[in-house]
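To start, the structure itself, in structure tokens.
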Amino acid sequence: MKKINKIFDSILESEVGWFSTFLLWSISGIVFIYYVMKSKGLINVESTKTTVTAIGTLITAGILYGLVSNLIVGFLIKLTGQLFKGNNDLRNIYKTLAKSYWPYVIFVVTILLGIYLSRVILISSDSIVRIVLSITVFLIIVGQAILSISQVILLIRGLRNVQGISTIKTILNYLISTLIFGVFYYYIIEPNL
């Protein structure tokens, strides 16, 4: 556990420039859009053309969503942080959001690997190959869950340190901010709700 804490501390203490910040925000957007596309059945691996199209859409929409959503959520964290009397330096909040997405770099690689393996499973006629690849895809999903948990830990620890408030207040601040963003998101993306 001490080794994991050291890794988390080194990530949170690292310096990130604005290019890295925007890149990491984009990666977080790719992860989010992946789940949206997956839940709506939009990742089609039936042919090479549809697979490439799905990956292209995933990356393009993910970059746009990641940049816009993190700008908004970071600003909302700053605003709601005033309720908890936190230190609300927007630059530090934005960079902490970015640092918390480091596990998602590996996550995006596993997403692309999972899509590729799904394509191979679909076209493979050998049942042993399909079973082995299916187990591999399952292990990738377990790895993604672990990466997601580590991202949340980094986010909470980072925001707690940057805003100088307790863990409970940090969690409440983040939840309030994302709930406000979520309401706007659903009315814009899903206006028929």
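Restrict the check to the stretch 128-146 and report whether at least one residue is in contact (Cβ under 8 Å) with a residue 40 or more places away in the chain and within 30 Å of residue 86 (Cα to Cα).
No: zero hits.
Select from the stretch 58-83 the residues that are within 15 Å of residue 101 (Cα to Cα), polar (S, T, N, Q) and touching a residue at least 60 places away in the same chain (Cβ under 8 Å) and list them in ascending order. Matches in the stretch 58-83: 69 only. Being surrounded by fewer than 18 Cβ atoms within 10 Å (Cβ to Cβ) and free of Cβ contacts under 8 Å to residues at least 60 places away in the same chain is true of residue 6. Any chance the stretch 147-154 includes a residue that's over 22 Å from residue 86 (Cα atoms), assigned to a helix (DSSP H, G or I), among the small types (Gly, Ala, Ser) and in contact (Cβ under 8 Å) with a residue 60 or more places away in the chain? Yes, that holds for at least one residue. On the given criteria, is residue 93 β-branched (Val, Ile, Thr), within 27 Å of residue 169 (Cβ to Cβ), at pLDDT below 95 and surrounded by 14 or more Cβ atoms within 10 Å (Cβ to Cβ)? Spelling it out, residue 93 is indeed β-branched (Val, Ile, Thr), within 27 Å of residue 169 (Cβ to Cβ), at pLDDT below 95 and surrounded by 14 or more Cβ atoms within 10 Å (Cβ to Cβ). Does residue 10 satisfy the criteria of being over 18 Å from the mean Cα position of the chain (by Cα), closer than 21 Å to residue 162 by Cβ and part of a helix (DSSP H, G or I)? Considered against the rule, which asks whether it is over 18 Å from the mean Cα position of the chain (by Cα), closer than 21 Å to residue 162 by Cβ and part of a helix (DSSP H, G or I), residue 10 comes out as yes.
Given the criteria at pLDDT 95 or above, closer than 20 Å to residue 12 by Cβ, out of contact with any Leu (no Cβ under 8 Å at 6 or more places or on another chain) and surrounded by fewer than 16 Cβ atoms within 10 Å (Cβ to Cβ), does residue 153 qualify? Considered against the rule, which asks whether it is at pLDDT 95 or above, closer than 20 Å to residue 12 by Cβ, out of contact with any Leu (no Cβ under 8 Å at 6 or more places or on another chain) and surrounded by fewer than 16 Cβ atoms within 10 Å (Cβ to Cβ), residue 153 comes out as no.
Pairs linking a residue in the stretch 34-49 that is in contact (Cβ under 8 Å) with a residue 12 or more places away in the chain to a residue that is of a type outside the set (A, V, I, L, M, F, W, C), with Cβ atoms under 7 Å and 6 or more positions apart or on different chains, are 45/51; 45/118; 45/119. Residue count for the stretch 33-75, restricted to those that are hydroxyl-bearing (Ser, Thr, Tyr) and either outside any helix (DSSP H, G or I) or surrounded by 19 or more Cβ atoms within 10 Å (Cβ to Cβ) (or both): 3. Filtering 165, 188, 115 for residues that are under 30 Å from residue 15 (Cβ atoms) and either surrounded by fewer than 12 Cβ atoms within 10 Å (Cβ to Cβ) or in contact with a helix residue (DSSP H, G or I) (Cβ under 7 Å, 6 or more places away or on another chain) (or both) leaves a single hit, 165.
The values are calculated or read from the model by the stated rules, or taken from the named source; none is laboratory data. As the structure is a prediction and not an experimental result, all values here were calculated from the model. Cβ: placed from backbone, ideal geometry, glycine included. Neighbour counts: every protein chain shown.
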